[in-house]
Structures are given as structure tokens and as C-alpha cells.
Amino acid sequence: MLYIKNAAQVATISGGSQAPKTGVEMERLNIIENGGVVVDGERIVFVGADQEAAEYVSRHGGEDVIVILAEGKTVTPGLIDPHTHVVFAGSREHELTLRLRGATYMEILQAGGGILNSTNKTRAASEAQLIGETRKRLDRFLAHGVTTIEAKSGYGLRLADELKQLRAARFLHGEHPVDLVSTFMGAHAVPPEYKSDPDAFVTILTEEMIPAVAKEGLAEYCDVFCEEGVFTPEQSRTILEAGLKWGLKPKIHADEIVPYGGAELAAEIGAVSAEHLLQASDAGIRAMAEKGVIAVLLPGTAFFLMTKPADARKMIEAGVPVALSTDRNPGSSPTESLLFMMNLACLTMRMTPAEALTACTINAAHAIGRADRIGSIEAGKQADLVIFDAPNIEYMQYHYAVNLTETVIKNGIPVIVHGQRNYT
């Protein structure tokens, strides 16, 4: 048994396990002041006032109880990142100078950089190399309080290399403390060999790649980059419908660069989430709210690309459930700090600290189909917990761009203790 004792605040984020939080509900964290959390094995068994937690431990704990003192600190659920491209080879730091000199994201992509640059490096890498590079990224995620992430493929753009990425993710899910939820995104870009005939690549995606991924059980979701110059709404619909046929739930990169009808398509096709949404139309936002499509917003990507972020306030006020993510990738968001994404959500998107935390916990859990087991601190849920060196949740956003993570507990086991790694 493990007992987190006398926390200044326990932000339970309870009450959202059946459906993601929307509107004013995103502000309701159900905080317990001077709280305690008790874990038995891999599960939370009690959360409440610390005096009651101590009584629970005295009745049920026996002699072997690990006590973690959390006085003056804040306890939250393990953070959840519902949109990453974490499995890839190499880096693209040289593109920063190009962008600072005025090159746009799409100009870099069309010149053979961007996603295609990472594709060449990922195709050349072995599965073992991908595992080794990705493991380091997962270590950094965990050190910043992130216990579960979604991992998209999409840097292979041909069957063998897409499978290689997804197999690397599956291996790391079993080997690393961070849990990975896999998404097939072979439709991340049109590879150079199909630049003159993108419809032929769509056929390969739908008739060869999606069936192979599904037969091997390598992904739960199918995603597509629905964007001008990448995949049209019609092509995106074809790809996502093929994924549905093979049991892969739809997600969509939508309306990042220009308004393109991606949010509307997400609602029409019943996507679990639409992601990016910097240029989403009012009609698309209304449609997402009506269909309960989760908006996964990526403030770090807008920050790094030096562009205006998505209109989080408009989406929240329209009743769209909002989640946040790092969008960890080598080109437009090379960071593993979901804490900094919450800072940016507050400072550049005018989300409140409470909304930002909801967006990185229970709403993010819904975006990857895990809200029944993670995303809140409630009895019976998986014991994924973080203790932050912060007296309250507002301080976590006020003291920005700093890693305040002190202790991370994954499946009931302390894996980061006083900021130091405690696993092999």
C-alpha cells in the first residue's frame, strides 16, 4: 500500500469518466484541500481528506505502507498527451533558421523538407534505432509528469516502414513505464514517389496499408492530414472510412494551415477527435460540439511556427470538449513538456489553469479511449499520479516554463522520486 499524505491540494478531476468535460465543467476540478490518496497495488483505493485517508490506512494498510509526504504540494492524475509523433529518427533543427528567414511550413515541405525529411531518416533507421531514440523521448515525457501518450506513425509512408514505427511503439508500450496508444497515420503526407498521382497512394493506404496494420493489431486509430496540398477532404474521407471498415477509429488533422472543412468532416464521419484546428470555421466548431468531437489543441506548435493559436475560448464556449497536447514531432513541436503546453494554453489561448489541467487529464483520456481507467483520481482507477512542487494548480501555470514535477507514480509504483529516475 502507498499513501500520499497531507497534500496541499488533490485535484481529482472527478465526474468526467463517462463523457469529456465541456463548458463550465472544464473548470470544476473537485479539489480536496489537505487531501490524501491511498493506492493498493496498481489501483487507487481511497481519495479524500487526509485525516480520513490516514484512518483508511490504519484499518487496511498493515505494516508495509509506503508514505509519501506531500505537504505544500499538489497532486494530480498522471498527465496524458493525446497527440504525438514520438516514433521517428533524427531531428530537423536546421529548419528553424529557414523559418526565421521567412520560409513557411508548406514551402519547406514542398521543397522536400519537413515531414519528407523525417521520412527519409526514418526509412533508413532500423527498428532498434527507432526504439532507442524514442525511449529517450519517453524518459523526458515521464520526467515532466506524462504517464500515457498517443503515438502516431506517419514517417514511413510505405508499408514496411509504417509497420516498423508501429512495432517500435508496441515494444516500448510493453517495456517503458509510459503507456503508448498507437495511431496509424500513413496519410501524413504524399511521398515523393506518388507526388504526381496522390490518388494512387490513397489506394495503397486503403487497400494495402490499413488492412496490414489492422491484421497485426498495431493500432487503435487511423489519422489523416486533411490540408490543402496534402490530402483533400474527399481523400481524407476515403481513408478514414477504410480505417473504420477495419476497426480503426477515426482521428483527423484538421484546418491547421487554411480553412479546409476538416472540422466539418470530423463531425460528419464521427471522429473521436479533430486536431490542430487553428483555422476551423464557426460552422465546423458548431458541428464538432453537436457530435461531441474532441478538439485536441496544440499551442506549442503554433508557438514554434510563430503563428496564431487555435481559438480555444470560442470552442469551449461553443461546448466543444477540449484537450491539449505537445504534438511532439521533429519539425513543428520538438518538446516533451506538456506542462509548458498548459502554460501556453493559458498565456496564448486564454484558457484558465483549471481548464488546462482538465484538457491534459480526463479530456485527453477520452481522446484516446482511456477515460474509464485514467485521467482522474477516483477509487478503482489506475494509480497514475503526479506530485508537483506547487501549492496549488494556479501556481503550476503561474511559474511557467519550469518542470515542477517532483514525484511520478505509474501503476502504483514511484518511477520518478524527487525529480530523479527510479526505474530501469
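The values are calculated or read from the model by the stated rules, or taken from the named source; none is laboratory data. Please read all numbers here as calculations on a predicted model, not as lab measurements. Note that each Cβ is placed from the backbone with ideal geometry, even for glycine, and that neighbours are counted across all protein chains shown. Calculation scope for accessible area: heavy atoms of the full protein, side chains included, ligands and nucleic acids excluded. Shrake-Rupley method; radii C 1.70, N 1.55, O 1.52, S 1.80 Å.
Quick notes
- The chain, relative contact order [Cα under 8 Å, separation at least 6], %: 21
- If only the Cβ of Lys and Arg carry +1 and only the Cβ of Asp and Glu carry -1, the dipole of segment 324-424 around its Cα centre is close to 220 debye.
- Taking 13 Å as the straight-line reach from the Cα of LYS314, the aspartates and glutamates in range (excluding those fewer than 8 positions away in the same chain) are ASP282.
- Residue pairs, from the table LYS21/LYS215; LYS136/LYS251; LYS136/LYS195; LYS245/LYS291, whose Cα atoms sit over 31 Å apart: LYS21/LYS215; LYS136/LYS195
- DSSP beta bridges in the chain [antiparallel fraction, %, rounded to 5]: 45
- The figure for MET349 is an accessible area of roughly 10 square angstrom, using a 1.4 Å probe on the protein chains alone.
- Computed on the Cα atoms alone, the convex hull of the chain gives a volume of 123 cubic angstrom per residue.
- Dimensions of segment 118-246 along the principal axes, based on C-alpha atoms and rounded to the nearest Å, stand at 42, 29, 27, largest first.
- Extension reserve of the HIS60-GLU394 stretch, reckoned as 0.36 nm per residue once the Cα distance is removed: 116.8 nm
- Pairs of Cα atoms nearer than 8 Å and 6+ residues apart set the relative contact order; for segment 124-219 it is 29 percent.
- If R0 equals 45 Å, the separation of the Cβ atoms of ALA111 and ARG43 corresponds to a calculated FRET efficiency of about 0.30.
- Total charge dipole magnitude, the chain, about the Cα centre, Cβ charges on Lys, Arg, Asp, Glu only, Debye to nearest 20: 540
- q = 0.13, 0.29, 0.31 Å⁻¹: log10 I(q)/I(0) that the Debye formula gives for segment 266-321, counting C-alpha atoms only: -0.29, -1.16, -1.28
- Positive-end ranking of VAL38, TYR56, ALA89 along the dipole of the chain, with charges on Cβ about the Cα centre, is headed by ALA89.
- Checking the cross-link pairs LYS73/LYS410; LYS152/LYS249; LYS121/LYS249 against a 20 Å limit on the alpha carbon distance flags LYS121/LYS249 as lying beyond it.
- log₁₀ of I(q)/I(0) at q = 0.28 Å⁻¹ - segment 347-419, Debye sum with one point per alpha carbon: -1.27
- Note on segment 1-97: percent of Cα-Cα distances in each 5 Å bin, starting at 0 and stopping at the bin with the largest distance, equals 3, 11, 17, 17, 13, 10, 8, 8, 7, 3, 2, 1, 0.
- Annotation: average projected area of segment 302-423 is 8.4 square nanometres, based on the convex hull of Cα atoms across all directions.
- Theoretical FRET efficiency, 1/(1+(r/R0)^6), r = Cβ-Cβ of GLU52 and VAL258, R0 56 Å, to 0.05: 0.55
- Heavy atoms of the protein chains alone define the surface here; on that basis the chain has 37 Å² accessible area per residue at 1.4 Å probe size.
- Extension gain, GLU268 to ALA128, is 46.4 nm, computed as 0.36 nm per intervening residue step minus the present C-alpha separation.
- Histogrammed with a bin width of 10 Å, the alpha carbon distances of segment 44-184 distribute as 10, 29, 25, 16, 11, 7, 1 percent, first bin at zero.
- Expressed as a fraction of 2.2 N^0.38 Å, the C-alpha radius of gyration for segment 309-380 is 1.14.
- Among 103-109, 374-380, 351-357, the order from most to least packed when residues are scored by Cβ within 10 Å on average: 351-357, 374-380, 103-109
- Centre-to-centre separation between the Cα atoms of segment 145-224 and those of segment 322-394: 24 Å.
- Portion, in percent, of the accessible area of the chain that falls on carbon or sulfur, probe 1.4 Å: 50
- Cα-only Debye scattering, segment 145-201: base-10 log of I(q)/I(0) at q = 0.15, 0.18, 0.21, 0.22 Å⁻¹: -0.49, -0.63, -0.76, -0.80
- From the C-alpha gyration tensor of segment 222-302, square roots of 5λ in Å: 18, 14, 11
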